[in-house]
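Below is one structure, written out as structure tokens; comments come after it.
The values are calculated or read from the model by the stated rules, or taken from the named source; none is laboratory data. Since this is a predicted model, take the numbers as computed values, not measurements. FYI the Cβ positions are ideal-geometry reconstructions off the backbone, even for glycines, and counts take in every protein chain you see. Ligands, DNA and RNA are excluded from the accessible area calculation, which covers all protein heavy atoms including side chains. Shrake-Rupley method; radii C 1.70, N 1.55, O 1.52, S 1.80 Å.
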Amino acid sequence: MRIDRVDLQRVKMPLKSPFETSFGRETHKEFLLVSVYSGDEVGHGECVAMEKPAYNEETIDTALSVLKNNLIPTVFKQEDLHPESVTDLFKWVRRNYMAKAALENAIWDLYCRKENISLAAALGGVKKEVEVGVSLGIEPTVEALLERVEDSIKAGYKKIKVKIKPGKDVDRIRAVRERFGYEVPLMADANSAYTLDQIDILKELDQYKLMMIEQPLAHDDIIDHAKLQRELETPVCLDESIHSVEDARKAIELGSCKIINIKIGRVGGLTESKRIHDFCEANNVPVWCGGMLESGVGRAYNLAIASLSNFVIPGDTSPSDRYWEQDIVMKEIVMSRPGMVEVPQGPGIGYDIDEKALNKYLLHKESIHNVLVEKKVDFLVTD
Ligand code: OSB
Ligand code: MG
């Protein structure tokens, strides 16, 4: 397989309602759609880097730069590209995981479409539907959060994640438990908002029997998380700190967490996601699929990876209508029954782009043609 052309489209979709985390408030989701062409077949990938480098160090602009200058030229040089080799091809580029994942994903989709198999099947998925959870942002008031939780319980979500930050933590979790009881599968996500100095707050949360607390401490830490886990009953789950199977191995060895959130973008693609999954499975560490407020394209990848056997905790893989008035995929992603979403079975990611919807949200498009092979010259043409 040879890549003839890559389209980079910058898309901005309004969220149905603002989403606030400890690092900021989103009213829109802006992202890059990466489309790779080979012959008359196309594959799509979504880059989950955000506008600002607040969740991690990447942004849409850094991803665009690394894709155009480093990653796309690397794949253009390959005459016989296989998706499993992409991670190693990209190794010479340090970090920039979200940029790498977007292009690797698109190549997986293209490959699976050519082979006429589903991505889930290609990855070794074993589930036909997956359990889904919902991630609820920091609401201005406790009452507003309780309304959100009530709607989520009614919709059948199998895990309810509440974002927290200092000052909006114990009161929120206590209110949810007091109103809805201890049967609700509840967890908290702090997005790195605490330090070990605030361990008393985190210990106070123990009494509310959360499924886990996600990334309470620094985005680049595994040492303090290990100290914290020794003091907490609640399992610690790492998100921001894990970028590779090596990171996962070290965190598990140190006792920094008992659960890992796998985000395809954060770890540089599907191949690395599967390696982390397999390592955790062998070490009896459960995993679940995180989300980055993806459009239907990114969501389809999340569903495919979540069909693997050790994704035993419901993921942040909510259906399209949790985020969008209109998604950019043709058949929107829906719950097949309460709390469940079907794993796409069609070729590739199993969803096609709704070009009309996409055009409505499109900010910018550029096409990069592979002239390396045809003309034996070593430069790229952009139009
Ligand atoms: O920490 O999991 C996170 C969204 C953007 C950035 C980071 C995170 C999130 C979410 C939303 O929690 C998950 C989703 O519904 O896509
Ligand atoms: Mg998180």
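Residue count for the range 229-252 under the criterion of being touching a strand residue (DSSP E or B) at 6+ places or on another chain (Cβ under 9 Å) and more than 16 Å from ligand 2 (Cβ to nearest atom): the result is 3.
One line per residue, one yes/no per condition, for (1) surrounded by fewer than 22 Cβ atoms within 10 Å (Cβ to Cβ); (2) outside the structural domain of Gly265 (by TED's automatic domain parsing); (3) over 24 Å from Ser318 (Cα atoms); (4) at pLDDT below 95:
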residue: Trp108; (1), (2), (3), (4): no, yes, no, no
residue: Val126; (1), (2), (3), (4): yes, no, no, no
residue: Gly156; (1), (2), (3), (4): yes, no, no, no
residue: Glu178; (1), (2), (3), (4): yes, no, yes, no
residue: Met187; (1), (2), (3), (4): no, no, no, no
residue: Asp206; (1), (2), (3), (4): yes, no, yes, no
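Taken over the range 299-312, the criterion of being surrounded by fewer than 22 Cβ atoms within 10 Å (Cβ to Cβ) and either within 15 Å of ligand 1 (Cβ to nearest atom) or touching a residue at least 60 places away in the same chain (Cβ under 8 Å) (or both) is satisfied by Ser309 alone.
Among the residues of the range 223-233, the one identified as outside any helix (DSSP H, G or I) and open to solvent by less than 40 Å² (accessible area, probe 1.4 Å) is Leu232. Once the range 328-356 is narrowed to residues that are in contact with a strand residue (DSSP E or B) (Cβ under 8 Å, 6 or more places away or on another chain) and free of Cβ contacts under 8 Å to residues at least 40 places away in the same chain, the residue that is nearest to ligand 1 (Cβ to nearest atom) is Ile333. Taking Glu84, is it open to solvent by less than 40 Å² (accessible area, probe 1.4 Å) and part of a helix (DSSP H, G or I)? No: the conditions fail for Glu84.
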